[in-house]
Amino acid sequence: MFLSGWSVRCVLLTLHVYACSGYDKQEVICSQGLSDCTMKDEVPLVFGGNDAVEIRNLTPSFKMCCEDTAPCVLCLVIDTKISFHPDKDMEDEDHSGHDEEDYSESKASLTVCYSTAPTMPTCKKVEFTVNHTALTHHNYAEISMVIIKPAGVSFSSRVIVYSYPPSHRVQVVAPSLDKVCSQELQERVEECDVPKLSSKINQEMNQVELRSADSNRGLPSMCVQYEHNGTCQKWNRATIPLYSVTPCMCFQAWEEDDQRLRRSQSCPFINTNFLQKNVWQNVSVSVRQGQMIDGLSMLWWNLSAPCRLEGEVWPCHKVSSCKEVKGFRQQLTNGTWTQNRKGHWVKMGVFEDIDLQHSPCVMVNVKGMGYELGPFCYKNTDRWHWSVLVVGVMVLVCLTVLLFYLLHDFVKKWVWSWHHGRFVEIGRKSHVVLLSPPDVDDGVSESISRLGFLLCKQGFSVSVDQWSRKEQCTLGPLPWLHSQLLELNSQGGRVVLVLTSKALERAEEWTRQQKEIVKTKGEDKGFPWVGSPYSDVFMASLCLIQGDKQLGRAGERFLLVKFDSHLCTERSLPELLQGLLLFQLPSQTQALMTELAVGATGSGSSKRTWTGWTWSTSDGWRAKTKDETAQQKASNCKYVGTEKNMETKPLKSTEMLC
């Protein structure tokens, strides 16, 4: 019986965890016959023993101490059974001078220590008065010490409790936090405070929405697992697609910055039957052959699903229908399920002594599904090898076509140049001098600029007369043109002369004048017509073409281009320009690029010559027949387009370097 005035209430929980209320910092409870019980801290190894008191039994345990609505804390309870030695007490009384009549009461004490592995021992000394006549059992009594929040002790700690003098030594383990938090008092234990998830099925959006059960908290860290003991995979979104949700899906939630790493677990879809179809739709079965030690064949099967299933698996031979092989049914509940990387549960099995020549298959019957799954058949590896070969050939053909497409331009240049007697050196780019006609048309100037930029883009070194006005003013038209020809001799390349209707008129007039000069023995009457700033360079190029033609090499350095939108008159080439290559742009842009690349590899000109304005599919431009000329005159000239509407600013006095 405990002392009067001491009120203690203890509630026994499972796993030997208690809840007590009405506690102080530390308390001591004495049985009948003991009074004035007090407990105080004692310094280890300094105190002395009491020979009159002997500890007969030492029983430590842990309880959860709760006071009213305050949080519950961990307490260490040490129950002791003690006995007294009257002879020792009598010796003490003789030394103290008391009469024998006062022996009915005496002072006594006991000391108990406890410690965890990394800490120093903590000792408690209990002092009390012994009333020998009031002892229920002769010379025996009990004392219980309740230590609130013992120093150095936490959940799952191993504690050594021993008496002093060290006659008894007992080890006790504090309950784990998981055990405490699984009890009815978990709401009052601060360490059990972990975030919880709530879920809502939104069938209109076909998803499950996740949020914190505490409206004052944001979404905690969480993971998803199939079955409560499955592998938990990290999840960082607030929604889950409904098709992937199954009745066995569970969630764990925790605070990322919580050092205790406590987690809550919930499985909210256990009784949601309409989600069972998601399990059945994700069942997969594979079959393969094997061989036993004695040489007999066997059939391996592998079944995976989000949740562990109940049902049967059996083999069959597929003829017109899958005929069951009797005596081979296996239960899915037998054996061990494992998990794969996706978190799905996997069950494996084997059927021994199965004839693999009769297309063996496997059928599955899942409990509650209402129909059988299968057949899942073993595939012939020979047929599979042929399929791999066919796929490999198709891949090789596709790669060849793709490679040809990527190298189309290179292949085209090689074939074209080989057909015409020489090869293009792939990757080598030459110098191109682009000369303007003596027109003042802004559209022609813009087209020439576009062509110059295109040549730059293709890797050619380009010099355009309308980009080099400053240098022409310094050197003069003819010296500037000769300097460009010197660069052509060193790098290789061509002079591209742009033709328009006015350019043809000027060329004809120049040709006529040259004939008159010959007749009048050198008298030059000049030109009354005034052209553009580029007319001097154009006239200088005509002089050079005439000189090269006399030497038989005009085609080596000069070629002609015309733009569809700026040349529509029916006119034959002047005699001076006949025999030079002529390209119509933009339809023959690629042919021009190829010719410029070919021109960089050889010193001789192409054997092809042009004398008219008609383009032949086999040999480029050719002289027209009378019928073709008549047909052409019957049709109106149609402009392909004009560049006057484009917002461009051609360079005038500065030199463009490519």
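The values are calculated or read from the model by the stated rules, or taken from the named source; none is laboratory data. Model, not experiment: these values are computed from the prediction. Please note: Cβ atoms are built from the backbone with ideal geometry, for glycine as well, and neighbour counts cover all protein chains shown. To get the accessible areas, we keep the full protein, side chains included, count just its heavy atoms, and leave off ligands, DNA and RNA. Shrake-Rupley method; radii C 1.70, N 1.55, O 1.52, S 1.80 Å.
Of note:
- Atom-type composition of the exposed protein surface of the stretch 194-276 places 45 percent of the accessible area on carbon and sulfur (1.4 angstrom probe).
- Accessible area in square angstrom per residue, the stretch 194-276, 1.4 angstrom probe: 58 Å²
- Kirkwood radius for the stretch 152-219, taken over all pairs of different Cα atoms as the inverse mean of 1/r, rounds to 16.0 Å.
- Pairwise FRET efficiency - Thr69 versus Gln590, Cβ, R0 = 60 Å, nearest 0.05: 0.10
- Fully extending the segment from Tyr243 to Phe404, taken as 0.36 nm per residue of separation minus the present Cα-Cα distance, adds 53.4 nm.
- FRET efficiency for the Ile293 to Cys377 pair, using the beta carbon distance and R₀ = 22 Å, is estimated at 0.30.
- The phi-based Karplus calculation (6.51 cos²θ - 1.76 cosθ + 1.60; θ = phi - 60°) puts the 3J(HN,Hα) values of the stretch 268-278 at x, 10, 4, 9, 8, 5, 5, 7, 5, 5, 5 Hz, whole numbers, x for Gly and Pro.
- In a DSSP loop and with at most 11 other Cβ atoms within 10 Å, the trypsin sites (Lys or Arg not before Pro) in the stretch 200-245 are Arg237.
- The stretch 291-397: C-alpha pair distances exceeding 25 Å, %: 34 percent
- Carbon and sulfur %, accessible surface of the stretch 289-381 computed with the full protein complex present, 1.4 Å: 49 percent
- With a Förster radius of 45 Å applied to the C-beta separation of Asp178 and Glu204, the computed FRET efficiency comes to 0.70.
- Selection of GluC sites (Glu not before Pro), the stretch 178-272, meeting DSSP coil and at most 12 other Cβ within 10 Å: Glu184, Glu204, Glu256
- Probe 1.4 Å, protein heavy atoms only - accessible area per residue of the stretch 289-381 in square angstrom: 58 Å²
- Computed extension length for Trp300-Arg553: 82.8 nm, one decimal, from 0.36 nm per residue of separation with the Cα-Cα distance subtracted.
- Two-decimal log10 I(q)/I(0) for the stretch 194-276, as the Debye equation yields it once each C-alpha is a single scatterer, q = 0.19 Å⁻¹: -0.81
- Given their separation in residues at 0.36 nm each and the Cα-Cα distance between them, Ile270 and Cys473 gain 63.9 nm when the chain is fully extended.
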